[in-house]
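Every number here is computed from the coordinates shown, using simple stated rules; none is lab data. Computed from a predicted structure; not experimentally measured. Every residue, glycine among them, receives a Cβ derived from its backbone with ideal geometry; neighbour counts consider all protein chains shown.
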Amino acid sequence: MCLRLILGSALLALALGEDLRSGRIPNRLLLMGGFFGLVSYAWQVADPWYIGIERGGRRGIGMFDSVWSDMGGEYLLSVARDMLLPMLAAGLFLAIFFLLGALGAGDVKLLALLAGLLPTDLYRPMLGIALGQGALLGLMSLLRRMRTSGRGIETLGHLLWSGHPLAEGRDLQTRVHFTICICNGFLVCLGWRLAADLARLINV
């Protein structure tokens with residue numbers, strides 16, 4: 001899990017940099033994150049230090065022999081249970097926010113991928129903090145636009161009709177980088193978890 005946590009942290013940092021630079025999260029970055037996520041999972045469930053030792057009547061290089069010879073279909077089922085199903089569930093849930101215009105497609109794909117990489121007890125509060133912060137920023141942008149445009153009822157009516165926080169449709173996504181909200185939630189939850197682990201060690 002530590003390796004996948006490091007991978008998720010690196011993916012999030014790269015996505016933040018791309019979002020701040022170009023305003024989008026490239027699909028190639030997400031595909032690379034998914035590929036290395038599968039590799040890291042294989043590394044986690046196998047014995048990476050085993051090389052050329054007899055196991056099950058065969059000899060081979062640790063990780064691949066352990067995964068494919070000893071685990072086989074069980075490994076594929078564990079990948080589906082621990083990575084693919086959380087990603088699918090998160091993607092379906094976040095698709096609602098995409099249809100409402102609150103999230104971009106890149107944000108949804110990034111969060112869905114992180115659901116398969118990060119521990120559940122870290123991912124869920126991170127997602128809650130990120131969505132809450134995004135909703136607060138969206139509300140602040142809406143109120144600011146209502147105040148500056150002098151057309152509060154019309155702007156609010158557009159929100160209720162189209163689901164977009166601003167009258168220009170997805171203009172909010174060019175002004176608020178949601179990856180910042182995700183990073184904030186991740187850092188808060190990771191810091192809380194590390195503090196809890198440290199307190200547990202001190203008490204022991």
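The table below lists the values:
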read-out: Spin-label pair A196/F93, simplified geometry with 7 Å Cα→Cβ offset, distance in nm; value: 1.6 nm
read-out: Chain lengthening between L187 and R24 when straightened (0.36 nm per residue, less Cα-Cα); value: 56.5 nm
read-out: Spin-label pair L84/L5, simplified geometry with 7 Å Cα→Cβ offset, distance in nm; value: 2.7 nm
